[in-house]
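So the structure is just underneath, and the comments pick up after that.
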There are 2 protein chains.
Amino acid sequence: MFSEIITIGDEILIGQIVDTNSAFIASELNKIGVSVYQISSVQDDKMHILQALKEAESRADIIIITGGLGPTKDDITKHTLCEYFKDTLVENKEVLAHVEGIFKKHITTPISDVNRMQAWVPSKAKVLHNEYGTAPGMWIGDKGKVVISLPGVPFEMKNLIKTQVIPRIIEEFRRPFIFHKTIVTYGMGESAIAEKIEPLETNLPSFIKLAYLPSLGSVRLRLSAKGLDRETLFLQMNDEVERLKSLLGDLVYGEEGDESIEEVVAQLLKKRKMTLGTAESFTGGKIAEQITALPGASAYFKGSVVSYATQTKIEVLKVPETIIDKCSVVSAEVAAAMAENLKTLLKTDFAIATTGNAGPSKGDSDADIGTVFIAVASPKGVVVEKYMMGSHRERIVQKSVNKAFEMLQKEILKF
Amino acid sequence: MFSEIITIGDEILIGQIVDTNSAFIASELNKIGVSVYQISSVQDDKMHILQALKEAESRADIIIITGGLGPTKDDITKHTLCEYFKDTLVENKEVLAHVEGIFKKHITTPISDVNRMQAWVPSKAKVLHNEYGTAPGMWIGDKGKVVISLPGVPFEMKNLIKTQVIPRIIEEFRRPFIFHKTIVTYGMGESAIAEKIEPLETNLPSFIKLAYLPSLGSVRLRLSAKGLDRETLFLQMNDEVERLKSLLGDLVYGEEGDESIEEVVAQLLKKRKMTLGTAESFTGGKIAEQITALPGASAYFKGSVVSYATQTKIEVLKVPETIIDKCSVVSAEVAAAMAENLKTLLKTDFAIATTGNAGPSKGDSDADIGTVFIAVASPKGVVVEKYMMGSHRERIVQKSVNKAFEMLQKEILKF
């Protein structure tokens, strides 16, 4: 059984926004065993949507459409669905009451006829209640084929997927189980790894697939298993993961579940009731930002000093000027001093510090672009590593943030 | 003339990664007058890619494919292109020398036959030199129809688009001009705005389109003009923009070009040779991170104190405990003190400070979730604003970051 996703909106096709809706929907469908065959982004245009629907229906059983709803889009999706299903619009009393309620409560301008039109839905559609907005979700179809239409506003769409669409698919469709397991490796390129694990890859059972996902400084290997017998799948998957890990040896950095490295670190700190701060130079607050993006970060994160200017390193972080003069501002010594002094300043158990040159031009040091020092201070002292991170600004920063979390994780595990 | 984008990769279809490549490519194509008709994400599967190619070619003249290259993907795109164009692979000496050079310089494992296979390309393809990687770009086709295949790694793809693909399209295709202009409004909903500007919308010339883009707290109105006569387009577009602005009155917040608000602020600061720092509580370093994501930020950005814990506000930012006790840590008084003290601490001209409650649970204050205070200190003093930002953590942070930049821009313009 396959599904397809169709996103409607010129703003995607002119590159004004990135389509993040599709990845969210695909990930949620995967979790319940529904594979996505294709994702298509099409224009706010009836003929184009009709064509996309026809193509999608020839390949898939579940079609999810986002966007093209709302007064100023001429509710193009609704009209197109009527044409596709040879249907007409009828007023839905519950939706009307909901739209009127939202206007009464949250909106200062008076409700108009175009707003009331949001309550008109194709007569064959089951309405999916949109708690956070005025455009209702719609579920049309039967006999194992269904078209689901959702608003394009991400937080309205997400809520509809979680509370309405997924539960209904679970109820109405028999689905296989899908497991994914990702192994993170460092230190070897994609093709060298491919040679190393060739015996395993050629002997994988047909219901398990292996994918290589090279990214900054690492290669992630994803195993995906799909089948109807949950237990067999699970056991076989575990076998293959173990076999893969023994072939890879110390290239394996860890396994990746649904958790990011920030979440792993957060769990470790909370369990130990220990705290963290960061002293960031060229990473510019990105480490702090990734930490505080998690709810509840205040339990273990005290703060950060983003010492972008050398003067800030001296005056706020109290890095001795003599060290900077002798070793340069991009040096192991400065990274170590930043970490230790931040730890003292914020009274934390751990501190991460970064100093380096992310380019494009050289800053307050002569270090080559891509030269990076990362330090982690802990109650046991401070460790510093030097890295050469290439020449691409964005990548230098992101690779360094990843490295910093890795180094921190290693240090926390000593306690 | 239309183009289409096909992205290849199971990782997109299982929702493991968001397809950001398409938005980049679409935006670059738009800038040179090439519209994108459809974007399709398909599987690492020859039959699927062939079908997508066939469908795309029936609608578009320029087809850009990303992904499906590299040894561990079985170079599926290359083999598929051979089948599609009834072609065979031949070894390209320049690519081989480049691949061998990369291995010699950057990679510790020895080069293998699979790596050397990267130098084999369809005989009909013109090679597009991939400076940053081993998989070459390819340009196949003529008579006004072309298929362009690029690696999926974003920074390799981006470089190929900018240095090879766009210049060659400009050379080989006659293209119309496309202008976009976006007007940002605050304070009124989508449908109320639609009513307000109805006379303009119904009388727009056929070559100018209007789109509504509602987002956090604002509605952006995008006018897009497309045509062969650059001058007429430009003048008419300016007319419509002026008419739109006069209909909207003081709802208009500003116009949006290709520049982000960080870039606008950066220009303003550089021109005035003035400097900035941030004191961030619940925004967790996100403002600093957005500023330092721009190359050259060290010219005006000195640093930041992310005072996530109350203790950090007291000990590093020297916010008097008496103020916190009396007014609460989420208060105008604390925001103002944070901004002024940061400005003194880092010796900057401007300082932004944020304090608030982003939820999901209440922190060191009793303030309702969504309560936010933003302060901007300048040589003329300090301004503070209170906002209620809703209840969704991520949105509270992002809306506040946007607001902070807006407030800063206003203050800088006073100098």
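The values are calculated or read from the model by the stated rules, or taken from the named source; none is laboratory data. Predicted model, so just to flag it, every value in this text is computed and none were measured. Glycine also receives a Cβ, built like all others from the backbone with ideal geometry; neighbour counts cover every protein chain displayed. Side chains are part of the model used for accessible areas, which takes the heavy atoms of the whole protein and leaves out ligands, DNA and RNA. Shrake-Rupley method; radii C 1.70, N 1.55, O 1.52, S 1.80 Å.
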Would you point out the residue of the range A:179-222, among those that are more than 19 Å from the chain's Cα centre (by Cα), closer than 25 Å to A:GLY33 by Cβ and hydrophobic (A, V, I, L, M, F, W, C), that is most open to solvent (accessible area, probe 1.4 Å)? A:PHE207
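Enumerate the helices (runs of 4 or more DSSP H) found wholly within the range B:66-167, keeping only those where 2 or more residues are under 19 Å from B:ILE8 (Cβ atoms) and open to solvent by 10 Å² or more (accessible area, probe 1.4 Å).
By residue number, B:76-84, B:154-160.
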Flagged in the range A:1-34 as over 17 Å from A:GLY152 (Cβ atoms), facing another protein chain (nearest Cβ under 8 Å) and open to solvent by 20 Å² or more (accessible area, probe 1.4 Å), in numbering order, are A:SER27
Report yes if B:LYS143 is charged (D, E, K, R) and modelled with pLDDT of 90 or more, otherwise no. no
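Specify which of the listed residues (A:LEU342, A:LEU268) is under 30 Å from B:PRO360 (Cβ atoms), modelled with pLDDT of 95 or more and in a helix (DSSP H, G or I). Show your work before the answer.
Numbers: A:LEU268 fails: modelled with pLDDT of 95 or more.
Only one candidate qualifies: A:LEU342.
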Residues that are open to solvent by less than 20 Å² (accessible area, probe 1.4 Å) and in a helix (DSSP H, G or I), drawn from the range A:300-323: A:THR312, A:LYS313
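Listed here are the residues, each with its yes/no results for (1) closer than 30 Å to A:LYS362 by Cα; (2) without any contact (Cβ under 8 Å) to a residue 40 or more places away in the chain; (3) among the charged types (D, E, K, R).
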site: B:TYR300; (1), (2), (3): yes, yes, no
site: B:ILE314; (1), (2), (3): no, yes, no
site: B:LEU346; (1), (2), (3): yes, no, no
site: B:PHE350; (1), (2), (3): yes, no, no
site: B:SER361; (1), (2), (3): no, yes, no
site: B:GLY370; (1), (2), (3): no, yes, no
site: B:TYR387; (1), (2), (3): no, yes, no
site: B:ARG393; (1), (2), (3): no, yes, yes
Would you be able to say whether some residue in the range B:177-189 is in contact with a His (Cβ under 8 Å, 6 or more places away or on another chain), of a type outside the set (Gly, Ala, Ser) and either without any contact (Cβ under 8 Å) to a residue 12 or more places away in the chain or farther than 21 Å from B:GLY9 by Cα (or both)? no
Hey, can you tell me all the residues within the range A:253-265 that are assigned to a strand (DSSP E or B) and either under 30 Å from A:ASP368 (Cα atoms) or open to solvent by less than 40 Å² (accessible area, probe 1.4 Å) (or both)? A:TYR253, A:GLY254
Scanning the range B:184-201 for residues that are more than 7 Å from chain A (Cβ to nearest Cβ), closer than 26 Å to B:SER260 by Cα and in a helix (DSSP H, G or I) gives B:ILE193
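For (1) over 27 Å from the mean Cα position of the chain (by Cα); (2) touching a residue at least 12 places away in the same chain (Cβ under 8 Å); (3) more than 10 Å from chain B (Cβ to nearest Cβ); (4) closer than 27 Å to B:LYS313 by Cα, each residue gets a yes or a no:
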position	(1), (2), (3), (4)
A:LYS245	no, yes, yes, no
A:GLY249	yes, no, yes, no
A:GLU263	no, yes, yes, yes
A:GLN267	no, no, yes, yes
A:GLY284	no, yes, no, yes
A:ILE291	no, yes, no, yes
A:GLY296	no, yes, no, yes
A:GLY303	no, yes, no, yes
A:LYS318	yes, yes, yes, yes
Give the number of residues within the range B:352-376 that are away from chain A (no Cβ under 14 Å), open to solvent by less than 10 Å² (accessible area, probe 1.4 Å) and not in a strand (DSSP E or B). 0
Going through the range B:141-175 in order, the residues found to be out of contact with any Leu (no Cβ under 6 Å at 6 or more places or on another chain) and of a type in the set (A, V, I, L, M) are B:VAL146, B:VAL147, B:ILE148, B:VAL153, B:ILE161, B:VAL165, B:ILE166, B:ILE169, B:ILE170
Do we have A:LEU228 as open to solvent by less than 30 Å² (accessible area, probe 1.4 Å) and either among the hydrophobic types (A, V, I, L, M, F, W, C) or modelled with pLDDT of 85 or more (or both) here? no
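Out of the range A:214-249, which residues are closer than 30 Å to A:ALA288 by Cα and of a type in the set (D, E, K, R)?
Residues satisfying the conditions are A:ARG220, A:ARG222.
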Those residues that are at pLDDT 95 or above and farther than 18 Å from A:LYS124 by Cα, I need them from the range A:61-89; list them, please. A:THR66
What's the total number of residues in the range A:56-65 that are assigned to a helix (DSSP H, G or I) and either surrounded by fewer than 19 Cβ atoms within 10 Å (Cβ to Cβ) or not small (Gly, Ala, Ser) (or both)? 3
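Conditions tested, residue by residue: (1) open to solvent by less than 40 Å² (accessible area, probe 1.4 Å); (2) more than 23 Å from A:PRO379 (Cα to Cα); (3) touching a helix residue (DSSP H, G or I) at 6+ places or on another chain (Cβ under 7 Å).
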site: A:ASP239; (1), (2), (3): no, yes, no
site: A:LEU244; (1), (2), (3): yes, yes, yes
site: A:GLU280; (1), (2), (3): yes, no, yes
site: A:GLY284; (1), (2), (3): yes, yes, yes
site: A:GLY296; (1), (2), (3): yes, yes, no
So, first residue farther than 19 Å from A:ASN159 by Cα in the range A:119-132, second residue among the aromatic types (Phe, Trp, Tyr), Cβ within less than 6 Å, six or more apart or across chains; the pairs are A:LYS124/A:PHE85
